[in-house]
Amino acid sequence: MIYNNKKHFYDPYDSLDAEWKARLSHEMLSVREAARLSGFSRQYINKLIANGVIDAKKNNDGNYVIAWKKFVRWFSALPITLTSPIGYASYSLKELMRYTGMSRCWVLKFATRNSIPSYYVGMYRRFCKYACEEAWKRESIALKRWLTIEEACTLFDVDAEVIFALAALHRTRVKRQNKSLFYNKADILSVVKKGGTLCHE
């Protein structure tokens, strides 16, 4: 049985390409290998080890090594990952929920609806960061009550002058927030429904 965001088994090698599977057949990763796989710098990995975020131990040469499963457990739980040999930059399910402010069920439907690429690391599913952000730019507009001029033009497929004209004719409410102007989406939509035109009379 496969769940939407978690698999029923734990395989550290799931998301690696054939080249890495062939090269990394040993139990432990060096800091250099962990950095290469994660997309982070060696300095950052060493900092995480020093802070106890990544569980590591020293080998006979006095260098830190990280067990495969512990590396995967850390990497799979990251809110955001960088592009790396494991996969493209990604969001975890929880981070995507935080980013959109939506529920787990909505986020999973959002990923399906927009054909968001995803991959598994160990048990957990990760979602392509770029695709999520592009899809959210489109969908978030529909959830807002107040739109920037750019969002209004995108949603209603009109030029900015048309929205400015509606505001001048008091056919749409306008508010100022953080030095920016926002236009009431419902007012603009009512013009569309009434006459099918956004141009002033």
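The values are calculated or read from the model by the stated rules, or taken from the named source; none is laboratory data. All values reported here derive from a predicted model rather than from experimental measurement. Here the Cβ positions follow ideal geometry from the backbone for every residue, glycine too, while neighbour counts run over all protein chains shown. The area values use the complete protein model at the heavy-atom level, side chains included, leaving out ligands, DNA and RNA. Shrake-Rupley method; radii C 1.70, N 1.55, O 1.52, S 1.80 Å.
Numbers at a glance
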item	result
Any hit, region 5-27, residues being modelled with pLDDT of 85 or more, hydroxyl-bearing (S, T, Y) and surrounded by 11 or more Cβ atoms within 10 Å (Cβ to Cβ)	no
Filter pass, T154 being assigned to a loop (DSSP other than H, G, I, E, B) and in contact with a helix residue (DSSP H, G or I) (Cβ under 9 Å, 6 or more places away or on another chain)	no
First in region 26-41 and of a type in the set (G, A, S), second anywhere and open to solvent by 40 Å² or more (accessible area, probe 1.4 Å), Cβ under 8 Å, 6 or more apart	S30/N63; S30/Y64; A35/S41; A35/R42; A35/Y44; S38/L82; G39/L82; G39/T83
Out of G101, G52, sole residue that is surrounded by fewer than 20 Cβ atoms within 10 Å (Cβ to Cβ) and under 24 Å from M28 (Cα atoms)	G52
Candidate set: region 116-143, residues that are in a helix (DSSP H, G or I), aliphatic (A, V, I, L, M) and open to solvent by 20 Å² or more (accessible area, probe 1.4 Å); chosen: the one modelled with the lowest pLDDT	A142
Cross-chain or 6+ apart pairs with Cβ under 6 Å, region 88-109 first and aromatic (F, W, Y), then assigned to a helix (DSSP H, G or I) and open to solvent by 50 Å² or more (accessible area, probe 1.4 Å)	Y91/K129
Filter result (among the charged types (D, E, K, R) and in contact with a strand residue (DSSP E or B) (Cβ under 7 Å, 6 or more places away or on another chain)) within region 79-116	E95
Lone qualifier among F164, F156, F182, F127 - being of a type in the set (A, V, I, L, M, F, W, C) and under 30 Å from I86 (Cβ atoms)	F127
Lone qualifier among V53, V31, V72 - being farther than 30 Å from L143 by Cα and in contact with a Gly (Cβ under 6 Å, 6 or more places away or on another chain)	V72
Tally of residues being of a type outside the set (S, T, N, Q), at pLDDT 90 or above and surrounded by 15 or more Cβ atoms within 10 Å (Cβ to Cβ) across region 76-87	1
Residue in region 29-39 that is loosely packed, with under 11 Cβ neighbours inside 10 Å and part of a loop (DSSP other than H, G, I, E, B) present	no
Residue ID - modelled with the highest pLDDT, chosen from residues in region 88-109 that are aromatic (F, W, Y) and under 12 Å from K129 (Cβ atoms)	Y91
Count - residues of region 157-185 that are part of a helix (DSSP H, G or I) and open to solvent by 40 Å² or more (accessible area, probe 1.4 Å)	3
Within region 58-72, considering residues that are among the polar types (S, T, N, Q) and in contact (Cβ under 8 Å) with a residue 24 or more places away in the chain, the one nearest to V31 (Cα to Cα)	N63
